[in-house]
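Everything below concerns the one structure shown next.
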Amino acid sequence: MDSAYLTACAALAGSTIGGLTTLAASWVAQRAQADAQQRAHGVAVREDLYKAFIDDASKTYVDAIQRTEIDNGSVVRLYALVSRMRVLSSQRVVDQANTVMRLIMDAYRAPNRTLLEEAERMETGGLDPLLDFSEACRDELRYAAVHARRGSR
């Protein structure tokens, strides 16, 4: 075999291997970046979901302590948000959301109170209806954010 052919084949093989290596490295980097973006998007979706639940649960709880007639639309919206949490969130977050829902339904059944009476009750060791839920959400979002950062490295 002619040494020119051998040199040409070696050069061609080296170029092919170098190109494939560059292609593989680029693919791995893009895949890692896409995974990190997907995890970050998942965190943002859950943040929006938790914010909506907290906002709606707060309004519905105030309605529940002041009235005995259930606001069907508000309660159904809260149940829909909890159902979305079942798909996206940890069991701890879902359990805490269900606890908030029970507190709201119990508040509708209880005698009416004013917002001032409820605030005084909370100050004297009463229940903050969203405390455990918000803490569970915070813990989950911190965990997800840490894992999203690790995935981008």
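Annotations for the structure displayed:
- Think of region 33-151 as having a plus end and a minus end, set by charges on the Cβ of Lys, Arg, Asp and Glu; of 80, 122, 145, 145 sits farthest toward the positive end of this dipole.
- Computed from backbone phi, the HN-Hα couplings of region 48-56 come to 5, 5, 5, 4, 4, 5, 4, 4, 5 Hz, rounded to whole numbers (Karplus: 6.51 cos²θ - 1.76 cosθ + 1.60, θ = phi - 60°; Gly and Pro given as x).
- Residue-wise HN-Hα couplings along region 138-147, as the Karplus relation 6.51 cos²θ - 1.76 cosθ + 1.60 with θ = phi - 60° gives them from phi, are 4, 4, 5, 5, 5, 4, 5, 5, 4, 5 Hz; Gly and Pro carry x.
- In this label model, residue 25 and residue 9 are separated by 2.8 nm, measuring between points 7 Å along each Cα→Cβ vector.
- Rounded, prolate or oblate (a/c below 1.5 giving rounded, otherwise prolate when a/b exceeds b/c) for region 80-142 by Cα gyration tensor: oblate
- Three-way shape label, region 66-108, alpha-carbon gyration tensor, a/c 1.5: oblate
- Only helical runs count toward this figure. For the chain, summing -39,500 (n - 2.57) over DSSP H runs of n ≥ 4 and dividing by all residues gives -30000 deg cm²/dmol at 222 nm.
- Karplus-derived HN-Hα couplings along region 3-17 (A = 6.51, B = -1.76, C = 1.60, θ = phi - 60°), whole Hz, x at Gly and Pro: 5, 5, 5, 4, 5, 5, 5, 5, 5, 5, 5, x, 5, 5, 5
- If R0 is taken as 30 Å, the Cβ-Cβ distance between residue 69 and residue 135 corresponds to a FRET efficiency of 0.45.
- Whole-Å semi-axes of the chain's equivalent ellipsoid (Cα gyration tensor): 59, 14, 9
- Rounded if a/c under 1.5, otherwise prolate or oblate - region 10-79, Cα gyration tensor axes: prolate
Every number here is computed from the coordinates shown, using simple stated rules; none is lab data. All values derive from a computational prediction rather than experimental measurement. Don't worry about glycine lacking a Cβ; one is built from the backbone with ideal geometry, like all the others, and counts go over all protein chains shown.
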